[in-house]
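So the structure is just underneath, and the comments pick up after that.
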Amino acid sequence: MKKWIILITIVIVAVIIGVSLKVYHSSVGPVKAAERKAVKLAGDKVSKVDDFHIYNGQEQVDVIEGKNKQGKKIIVWIPEKNKQIIVRKAKDGLSKEDAIQKLLQEKKPKKIISVRLGMEKNIPLWEICYRSKNNLINYYYIHFETGEWLKKIENL
């Protein structure tokens, strides 16, 4: 009887692991396909991809952080609709840490949830999502190159 219980448990665990792997691959697949498409569109502008994400603002923008052929860190923004590629050297804009410091100069967040690159109206930007003291979600947008505040969405 114990052998049957052990055998059934092993089969159930194997099925759970198999289903979990299938769900994981199904959910990651579209992002990987978008990354391959973005890298292909970026062409020879990017020789090594360090990070990729999809920004969903007023329109969807694929963002690639990587290196060019000379080994310099670059950032590539590819809007989904017009495919007008914008490439900037990372050193020509604010770093993630600089963007956080800009937020901290003006606001006192309880917790920073995420900091990521995006683009609105063909303007490269940093989007910072954070929780305020009253536990509400806020968004703070900073111009990538100048560090100027672009817009805020507060108290969601």
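Read the figures in this text as sums done on the coordinates, not as results from a lab. Remember, it's a predicted structure, so these values are computed and weren't measured experimentally. Cβ: placed from backbone, ideal geometry, glycine included. Neighbour counts: every protein chain shown.
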Inset, instruction - Counting only C-alpha contacts under 8 Å and six or more residues apart, can you give the relative contact order of the chain as a whole percent? - result: 13 percent
Legend entry - Positive-end residue, the chain charge dipole about Cα centroid, Cβ charges, pick of Thr146, Val39, Ile78: Val39
Inset, instruction - Rounded to the nearest 10 degrees, what's the angle between the helix 96-106 long axis and the longest principal axis of the chain, both from Cα atoms, 0 to 90? - result: 70 degrees
Inset, instruction - Place a +1 charge on the Cβ of each Lys and Arg in the chain and a -1 charge on the Cβ of each Asp and Glu, then give the dipole magnitude about the Cα centre in debye, rounded to the nearest 20. - result: 480 debye
Inset, instruction - Any chance you could give the angle, 0 to 90 degrees and rounded to 10, that helix 2-42 forms with the longest Cα principal axis of the chain? - result: 30 degrees
Legend entry - Peptides 4-11, 85-92, 60-67 ordered by average Cβ neighbours within 10 Å, highest first: 60-67, 85-92, 4-11
Inset, instruction - Order the peptides 147-153, 94-100 from the highest to the lowest mean number of other Cβ atoms within 10 Å of their residues. - result: 94-100, 147-153
Legend entry - Computed lengthening from Asn82 to Arg36, 0.36 nm per intervening residue step minus Cα-Cα distance: 14.8 nm
Inset, instruction - Could you pull out every one of the aspartates and glutamates with an alpha carbon less than 18 Å from that of Lys45, ignoring same-chain neighbours closer than 8 positions? - result: Glu35, Asp62, Glu65, Glu80, Asp92
